[in-house]
Amino acid sequence: MFADPQLSPLPHAQARAHAPAQPPALRVGIIGMGTVGSGVWRVLRRNQALIAARAGRTITIVAVATRTPARAAAVLEGAPGVRLLADPLHLAADPGVDVVLELAGGTGAARGWVLAALAHGKHVVTANKALLATHGEELAAAAARHGRVLAYEAAVAGGVPVIKALREGLVGNRILSLAGVLNGTSNYILTRMQAHGLGFAAALTEAQALGYAEADPTFDVDGTDTAHKLTLLAANAFGMPLRLDAVHVEGISDLQPGDLAAAAQLGYAVKLLAVARRDADGVQLRVHPALVPQRHPLAQLDGATNGLRVQADAVGDMFYSGAGAGGEPTASAVLADLVDLARLPVGTPGRVPTLGVHERGAAQPAPLPMAQVHTRHLLRLLPGAALNEAAVLRLLTRAGVAVQRRAWGPDHAGAPTLLLVTAPTPDAVAAHAVELLQAHTGAQVRRLRVELCEAAESP
Ligand SMILES: NC(=O)c1ccc[n+]([C@@H]2O[C@H](COP(=O)([O-])OP(=O)(O)OC[C@H]3O[C@@H](n4cnc5c(N)ncnc54)[C@H](OP(=O)(O)O)[C@@H]3O)[C@@H](O)[C@H]2O)c1
């Protein structure tokens, strides 16, 4: 019997001589050993062997920089061979580090660390959406200039791989729109307000007690954190520059229990929604509370879960959801970026452009002013004056607003409240109609936008 020369085993010494050299370990330095940093440490240690098998080389943490190295030492439990540094700039310049993980946060010092690491020829992985939304153009340009990768899967939707989905999985599609629930803290608060009739302040206090909200939750509840993430998503979806300044942002702190009760009566949940939509006139970029039909998958995201609906021309509708925060879910996204880097031939630049496109076309899609954005609106006319429904409808017609649904509901004190859902109406027109109604009826009018009511999705 003849042995197939391609299959027959080589003698040991010959096999060693022919085996491809094992690439050197990827040496990682971490700035920040808090929730995310310690999550990366734990998951990498637990899954070391399978990650190495998938990456084709070992990934080793060799240095950690934090403000208080003693705290980091407690996390590392005396792991040998990990250097503890007090200055992140020393880590960024360390010749024994191939990749810097920026897992500390902030936009001032962190910008300097990332620029320094790139200038020293290191790839950078960050979870820091605030940094990228404010300085991302500068940092992406620096990465390109130095031929290094700036990766940030963990910066949007925690463990849900939406950046990879947009830049790689959906790369052949024209993206039409994105709609997401991208902040777990505000979603937890809204879920509690909706389910238990809590006011905003009570729900926030509860979220803080349970660790779902930071001591300073400002960026979570005022929409800023969601706007940071939307800015990154929109750049990757539409090939446009990062435009945090162009995002219309409203938070959830002004919502009243009665708003959520009225929404529920009409078949909606209230979500802090991020929307980016490409229209003929420009790109809508907006973050605000919105009524979403209860049957929609985004309406069903409870607690700290994140979700993103993507509409694309070839694949149609896609929906991604999962843990949007937390040490190990976020570490999952950081490790995905690290394995991408480990798989690159040593010394080569990345294969995926930082912000989704290698070169932006001459005709950039411009952001559309909020005043021109068309949505449906829920108008909730609070008692305070005897309301004449016919007169209200006449005023709305005069203001150019068509009404599609009408209902009466009690407010939280049991008084009758008129609920009107409009046809899609430009935002400026709806705002003017509210002023007109308040002036002529004496009623206090609450306005909330209604979203995702495509025919199949309306309640
Ligand atoms: N937590 C999440 O679920 C999550 C999810 C997605 C993205 N992110 C992002 O991930 C990043 C880290 O978040 P985190 O929740 O892990 O924060 P964290 O728990 O507060 O930990 C921050 C770490 O960074 C260190 N640090 C802060 N400022 C520093 C400085 N000037 N010099 C050196 N070290 C510094 C801290 O050191 P000390 O301990 O010594 O103070 C700490 O180890 C942020 O950008 C955040 O937005 C977080």
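Each value in this text was obtained by applying a stated rule to the coordinates, not by laboratory testing. Note that the coordinates shown come from a computational prediction; the quantities given were computed from them, not determined experimentally. So basically every Cβ, Gly included, is an ideal-geometry build from the backbone, and we count neighbours across all protein chains shown.
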Q. Label-point separation (nm) for residue 206 and residue 48, each offset 7 Å from Cα along Cα-to-Cβ?
A. 4.3
Q. What order do you get for 186, 321, 332, 253 when you list them from fewest to most C-beta neighbours inside 10 Å?
A. 253, 321, 332, 186
Q. Within the chain, what is the number of lysine pairs with alpha carbons under 18 Å apart, leaving out pairs fewer than eight places apart on the same chain?
A. 4
**Q.** Contact order relative to length of the range 136-280, as percent, for alpha carbon pairs under 8 angstrom and 6 or more apart
**A.** 32
Q. So what is the relative contact order of the chain, in percent, for Cα pairs below 8 Å that sit 6 or more residues apart?
A. 16
Q) Using a simple charge model, +1 on the beta-carbon of Lys and Arg, -1 on the beta-carbon of Asp and Glu, nothing else, what dipole does the range 33-94 show about its Cα centre, in debye to the nearest 20? A) 240
Q. Over the C-alpha atoms of the range 374-457, what are the Rg and the largest Cα-to-Cα span, Dmax, in Å?
A. 12.3, 37
**Q.** Spread of Cα-to-Cα distances over 10 Å intervals beginning at zero, given as percent, for the range 272-367
**A.** 11, 28, 36, 22, 3, 0
Q) What FRET efficiency, computed as 1/(1 + (r/R0)^6) with R0 = 51 Å and r the Cβ-Cβ distance, is obtained for residue 21 and residue 440, rounded to the nearest 0.05? A) 0.05
(Q) Suppose every Lys and Arg Cβ carries +1 and every Asp and Glu Cβ carries -1, with no other charges. What dipole size does the chain come out with about its Cα centre, to the nearest 20 debye? (A) 600
Q | Those residues of the range 79-105 whose amide nitrogen sits under 20 Å from the label point placed on residue 218, 7 Å along Cα→Cβ | A | 104-105
Q. Expressed as a rounded percentage, what relative contact order does the range 374-457 have, with Cα pairs under 8 Å and six or more residues apart?
A. 47
Q: Based on alpha-carbon positions alone, could you give the equivalent ellipsoid semi-axes of the range 204-274 from the gyration tensor, as √(5λ), descending, whole Å?
A: 26, 18, 10
(Q) Using Stokes-Einstein with the Kirkwood hydrodynamic radius over Cα pairs, what translational diffusion coefficient do you get for the range 170-323 at 37 °C and a viscosity of 0.692 mPa s, in µm²/s rounded to a whole number? (A) 208
Q) Based on the Cα coordinates of the range 314-459, what is the per residue volume of their convex hull in Å³? A) 209
Q: Take the Cα atoms of the range 83-129, build their convex hull, and give its volume per residue in Å³.
A: 68
Q: Just name one of 184, 162, 291: the one whose Cα is farthest towards the positive end of the charge dipole of the chain (beta-carbon charges, Lys/Arg +1, Asp/Glu -1).
A: 162
(Q) What does the net charge come to around residue 190 if you take all other residues with beta carbon closer than 12 Å to its beta carbon, with K and R at +1 and D and E at -1? (A) -1
Q. Quick one: if you stick a label point 7 Å off each Cα along the C-beta vector at residue 429 and residue 168, how many nm between them?
A. 4.4
Q) So what is the calculated 222 nm ellipticity per residue for the chain, using -39500 (n - 2.57) for each DSSP H run with n of 4 or more, over all residues, to the nearest 500 deg cm²/dmol? A) -10500 deg cm²/dmol
Q. Around residue 294, which amide H atoms from residues at least 5 apart in sequence, or from another chain, sit under 5 Å from its own amide H, with H modelled in the peptide plane?
A. 268, 269
Q: Treat every Asp and Glu Cβ in the range 170-323 as -1 and every Lys and Arg Cβ as +1, leave all other atoms uncharged, and give the resulting dipole magnitude about the Cα centre to the nearest 20 debye.
A: 500
Q) Which value does Rg/Rh take for the chain over its C-alpha atoms, Rh per Kirkwood? A) 1.07
